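Worksheet: the structure to be examined is printed underneath.
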Protein chains: 2
Amino acid sequence: MSEIPLVAGIELGGTKCICILARGPDAIEEIVRIPTTRPDETLAAIEAVLDRWSGFVAIGIASFGPVGIDRRGGDYGHITSTPKPGWAGTDVAGRLQRRYAVPTGFHTDVVGAALAEARWGAAQGLADIAYVTVGTGVGAGLIAGHRPVDGLMHSELGHIRPVRMPGDDWIGSCPFHGACLEGLVSGPAIAARLGHPADEAPADHPVWTGVAEALGQLCHTLVLTGIPRRIVIGGGVMGAGHLFPRVRAALTRSLGGYIALPEPTLVDTFVVPPALGGNAGPLGAIILGGQALGDSVGGSGSSAFMSY
Amino acid sequence: MSEIPLVAGIELGGTKCICILARGPDAIEEIVRIPTTRPDETLAAIEAVLDRWSGFVAIGIASFGPVGIDRRGGDYGHITSTPKPGWAGTDVAGRLQRRYAVPTGFHTDVVGAALAEARWGAAQGLADIAYVTVGTGVGAGLIAGHRPVDGLMHSELGHIRPVRMPGDDWIGSCPFHGACLEGLVSGPAIAARLGHPADEAPADHPVWTGVAEALGQLCHTLVLTGIPRRIVIGGGVMGAGHLFPRVRAALTRSLGGYIALPEPTLVDTFVVPPALGGNAGPLGAIILGGQALGDSVGGSGSSAFMSY
């Protein structure tokens, strides 16, 4: 991946969409924000923006999930089983690809942010990273060789089951798994446990001990995938920053000296906060568009699928 | 990946090496077994076999680990931190590549078996699989898009920390992690717990309940990576076969209906035993050699690294 041409990027979020016409963070031509309402209304508003833009040679979409990313699957480019009213089964990538007839990349907002942080942010220059967001939910994106790690679906490692702290038997808030990671450390999970918003709990509140241990176990699992050279953790719950030293300590403890990981021994630079803030999603969409364009002009053996 | 040319494959195991000259399972020209002793002696014996062979256009090596698989790392192609006397730091791929001057592929024996099962075995035709071996240790290999999932290192997901069964506080046998998966379900772990070999415990022995639950959690974690369309589980501990229905049930319970996974709902064909037996390793080495050859003649953007 060298220079990115002019791409129309869309971060499709649960409450707002960000449309960006750009080549990268230093070459942004325009950014437009649109509220996310009903699918037809929202996609029409996105199209009104893109209709006005000219010169883009690809489209990239980083969407809230779950989404279909299996290019051989019937739901590729769709939002699949979301509880968000009206959105389940919405074809996003296909609709835009047909309208603009340019290569169209599509993935989760988490993977989009991961790509952007790996290219321009907190993991700049690294081909292989994990990106975690801890907010309303817990998302974990995996990038290997500068590409999303894809198979049947996208990573959902935010739903692993961490070992509990001794004596902690709170049932957790995940409707599917109870005390999975998301059910223990997401903002709503912590709020449900405390009876008040997570950010009202001071740094020395005992709730953070278990949160840090659970996130340390997520990092342990991510390290054991073999992929990441760095783990970037963002999202509202991480905002205060006091969790980082504790998560790093929990990871180091949990790995127990197992195998010589060069980066994890430098754990302060292995588990880091993001650098791009709210721009990571739309900038990731630019990269997804650029990758779709690159695949469409050949180079990859799977170009027929990759170009959508 | 279409047809594989004639490749010299080597499965480098802890007690024996298998050298194979083949294009695939139906085109095996010769198989030679060599005991694994000291590194110099063993590698010289392998070279004596390869010196006698002619016509192979690539070499593939599937080795016991841990191994260096980062092509930009100084230990690429080496066995790294093994406790096996004399073998730590042994350069395997570099030595053979220099001697025979053909493209040389290198990975773990687990990934080798995974590639072979995906091409010719229990996951035939699937691009994205996980392969688990439960024996002396627990190995887990990940294949996406027909390729090993590589980043900093190879998968070590056999060392995840599963949630324990209520009331089970056995300390586990892993010297690094205690009650990690390998420390709970490997053959030596079960034997240490029982005081006798695992295969002497009948199918209705209570020890298997916890083993199946822990393996179900490994499958849960593997599914959440997003990668596998099938999970193949082999190794001595799985030999009796009675564990499969229990592991499938544990996986289904653990996923809790989360997201619509097409294959896991057909869990009997999602978690399966291997089909290639002892030939998976050497046949995987053939694929690793074929992939190295393919990369060396172009097609991949990373051909310079992939050809070693």
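The values are calculated or read from the model by the stated rules, or taken from the named source; none is laboratory data. Nothing here was measured: the structure is a model prediction, and the numbers come from that model. Glycine also receives a Cβ, built like all others from the backbone with ideal geometry; neighbour counts cover every protein chain displayed. Keep in mind that these areas ignore ligands, DNA and RNA; they rest on the heavy atoms of the full protein, side chains included. Shrake-Rupley method; radii C 1.70, N 1.55, O 1.52, S 1.80 Å.
Checked against (1) within 24 Å of residue A:64 (Cα to Cα); (2) outside any helix (DSSP H, G or I); (3) facing chain B (nearest Cβ under 10 Å), residue A:172 passes all but a single condition, namely (3). Under the condition of being within 10 Å of chain B (Cβ to nearest Cβ) and under 15 Å from residue A:148 (Cα atoms), which residue from the stretch A:69-80 is most open to solvent (accessible area, probe 1.4 Å)? For the stretch A:69-80, the residue satisfying everything is A:70. In the stretch A:246-272, of all residues being open to solvent by 60 Å² or more (accessible area, probe 1.4 Å) and either more than 14 Å from chain B (Cβ to nearest Cβ) or modelled with pLDDT of 95 or more (or both), the one that is nearest to residue A:143 (Cα to Cα) corresponds to A:268.
Looking only at residues that are within 12 Å of chain B (Cβ to nearest Cβ) and open to solvent by less than 30 Å² (accessible area, probe 1.4 Å) in the stretch A:114-136, which one is farthest from the chain's Cα centre (by Cα)? Applying the filter and picking the extreme gives A:127.
Counting only residues that are facing another protein chain (nearest Cβ under 10 Å) and either in contact (Cβ under 8 Å) with a residue 60 or more places away in the chain or within 17 Å of the chain's Cα centre (by Cα) (or both), the stretch A:206-222 holds 2 of them. Taking residue A:243 as the residue in question, decide whether it is away from chain B (no Cβ under 14 Å), within 22 Å of the chain's Cα centre (by Cα) and open to solvent by less than 10 Å² (accessible area, probe 1.4 Å). Yes, satisfied. What residue, among those in the stretch A:226-236 that are open to solvent by less than 20 Å² (accessible area, probe 1.4 Å) and farther than 28 Å from residue B:108 by Cα, is farthest from the other protein chains (Cβ to nearest Cβ)? Checking each candidate, the answer is A:234.
What do you reckon, is residue A:33 in contact with a helix residue (DSSP H, G or I) (Cβ under 7 Å, 6 or more places away or on another chain) and not hydrophobic (A, V, I, L, M, F, W, C)?
no
With respect to the conditions (1) open to solvent by 10 Å² or more (accessible area, probe 1.4 Å); (2) modelled with pLDDT of 95 or more; (3) outside the structural domain of residue A:50 (by TED's automatic domain parsing); (4) under 28 Å from residue B:129 (Cβ atoms), residue A:109 falls short on a single one, namely (3). Assessment of the stretch A:86-105 against the conditions (open to solvent by less than 20 Å² (accessible area, probe 1.4 Å), within 14 Å of chain B (Cβ to nearest Cβ) and either at pLDDT below 95 or under 14 Å from the mean Cα position of the chain (by Cα) (or both)) yields no matching residue.
Residue B:42 falls short on exactly one of the conditions (1) open to solvent by less than 30 Å² (accessible area, probe 1.4 Å); (2) at pLDDT 95 or above; (3) among the hydroxyl-bearing types (Ser, Thr, Tyr); (4) out of contact with any Ser or Thr (no Cβ under 7 Å at 6 or more places or on another chain), and that condition is (4). The single condition among (1) closer than 22 Å to residue B:242 by Cβ; (2) at pLDDT below 95 that residue B:150 does not satisfy is (1). Scanning the stretch A:170-186 for residues that are small (Gly, Ala, Ser) and within 16 Å of residue A:244 (Cα to Cα) gives a single hit, A:186. For the stretch B:140-169, residues that are at the interface with chain A (Cβ under 9 Å from one of its Cβ atoms), in a loop (DSSP other than H, G, I, E, B), open to solvent by less than 50 Å² (accessible area, probe 1.4 Å) and within 20 Å of residue B:208 (Cα to Cα) total 2.
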